[in-house]
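First comes the structure, then the notes that go with it.
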Amino acid sequence: MLGPTDYLLWFLTAFLEAGAVVCALRAKCFGRYFVLGVYMAAAFLLTAGRYIVFLHFGFSSDQYLYFYYYSDALLTICLYFALMGLYFQVFGEMGAKTSLRVAAMLLLAGTALVSYFIIDSSRDRMITRFVVELSQNLYFVGVVLTYLLWGAMLKLRETRTRLIQLVLALGVYFSAFAGCYALRNLHPEWQIWRYVSHLMAIWLPVAWSYTFLKIPEEARLATARLAATRSR
Amino acid sequence: MNRWLAVVVIVLLVLASAVGLRNVVNANGQTPVVMANGGGPIPPTPWSNGGGPIPPTPWSNGGGPIPPTPWSR
């Protein structure tokens, strides 16, 4: 059964997700980072939805089980588009928007296809397996894409501090996910896994709220500017 | 033409890297399910209930005929 820590982390996650949307609105940057805001709003709504389903049907019910996994897949797709939104912010001025759109859709379709081939042999609960598999594969696509984006930002000497913070927060999130996935594989018996997903879900809204509130859009990273000047 | 080929190559590289990374991380082949979007405790997956018996699902009601699922009509 669920303990008080589960409930506390659950409510805290919902509160922080709503807080991130409010912070983006308050900093007047919701339009600029629209996809990120939509992801946070969707995360808040689905977290609340999970709680409602949990209240009505219970933790062990099929309803909660299916609602949880399907909503997670939906949120992972939203997160994928949020990451693509950051790509647009970095590469948008280089006139690569059409290529990025095509690449994003091709990658999503390719991930869905790979997920389908992985679960193709299992006839039982195929759609649910597909949804979970797609979700897990998209997480790993997110890991690779975030590292690629960070590499590109270093190469392009990106100086927009807010954008750098947003990408780095996402990098920490995806790296933590990959690390947890590996460690859970090695030590599935550890009880800590029960709380790890909560803590990972808390990280993104906290980091993004801080970025929206504390770092102005016009802030630039001085060290990158210095490095650029030195290399001339 | 070259530009679109480059896009396809990059997409395939990212996809291969992601699937490869997942396979490397998933060394002993148990494929855990880790979810980190939104709040709420993770329920067990219907197909990985430890060593115990799998509980009945809406489409496997004991020995009776299996009703059609909504998505396979």
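Just so you know, all these numbers are worked out from the coordinates, no wet-lab data involved. Note that the structure is predicted; figures quoted are calculated from it, not measured. We place every Cβ from the backbone using ideal geometry, glycine too, and count neighbours over all the protein chains shown.
General remarks:
- Couplings 3J(HN,Hα) for the stretch A:48-64, derived from phi with the Karplus relation 6.51 cos²θ - 1.76 cosθ + 1.60 (θ = phi - 60°), are 5, x, 4, 5, 5, 4, 4, 5, 6, 10, x, 5, 8, 6, 5, 4, 5 Hz, where x marks Gly and Pro.
- Long-range amide H partners of A:Arg220 with built H, under 5 Å: A:Thr161
- The C-alpha atoms of chain A define a longest principal axis, and helix A:161-186 lies at about 40 degrees to it.
- Among the residues of A:177-187, the average count of other protein chain beta-carbon atoms within 10 Å of the residue beta-carbon is 5.
- Dipole axis of the stretch A:94-232 (+1 Lys, Arg; -1 Asp, Glu on Cβ), positive-most option in A:Leu186, A:Ala96, A:Ile127: A:Ala96
- Gained length - A:Val22 relative to A:Ser121, 0.36 nm times residue gap less alpha-carbon distance: 31.1 nm
- Angle in degrees between helix A:193-214 and the longest Cα principal axis of chain A, rounded to the nearest 10: 30
- Rounded to the nearest 20 debye, dipole of chain A from Cβ charges on Lys, Arg, Asp, Glu: 1020
- Length-normalised contact order of chain A in % [C-alpha pairs under 8 Å, at least 6 apart]: 27
- Contour excess over end-to-end distance, with Cα ends at A:Phe88 and A:Val206 and 0.36 nm allotted per residue: 40.2 nm
- Mean partner shielding of peptide B:9-17, defined as the number of other chain Cβ atoms within 10 Å of each residue Cβ, is 6.
- Cut-off 19 Å (backbone N to label point 7 Å along Cα→Cβ of A:Tyr147), residues of the stretch A:53-88: A:80, A:83-84, A:87
- Spin-label model, B:Arg3/A:Phe15: points 7 Å from Cα along the beta carbon direction are separated by 5.0 nm.
- On Cα atoms only, tilt of A:4-26 relative to the major axis of chain A in degrees: 30
- For A:135-146, mean number of other protein chain Cβ atoms within 10 Å: 5
- Computed from point charges on the beta carbon alone (+1 for Lys and Arg, -1 for Asp and Glu), the dipole magnitude for the stretch A:104-182 about its Cα centre is near 280 Debye.
- Using the Cβ of A:Cys23 as centre and a radius below 15 Å, the other residues enclosed give a net charge of +3, where K and R count +1 and D and E count -1.
- A Förster radius of 51 Å, combined with the Cβ-Cβ distance separating B:Leu13 from A:Glu189, puts the computed FRET efficiency at roughly 0.90.
- Coupling constants for the stretch A:90-106 follow from the phi torsions by the Karplus curve (6.51 cos²θ - 1.76 cosθ + 1.60, θ = phi - 60°), and in residue order they are 7, 9, x, 6, 8, x, 10, 5, 5, 4, 5, 4, 4, 5, 4, 6, 4 Hz; glycine and proline get x.
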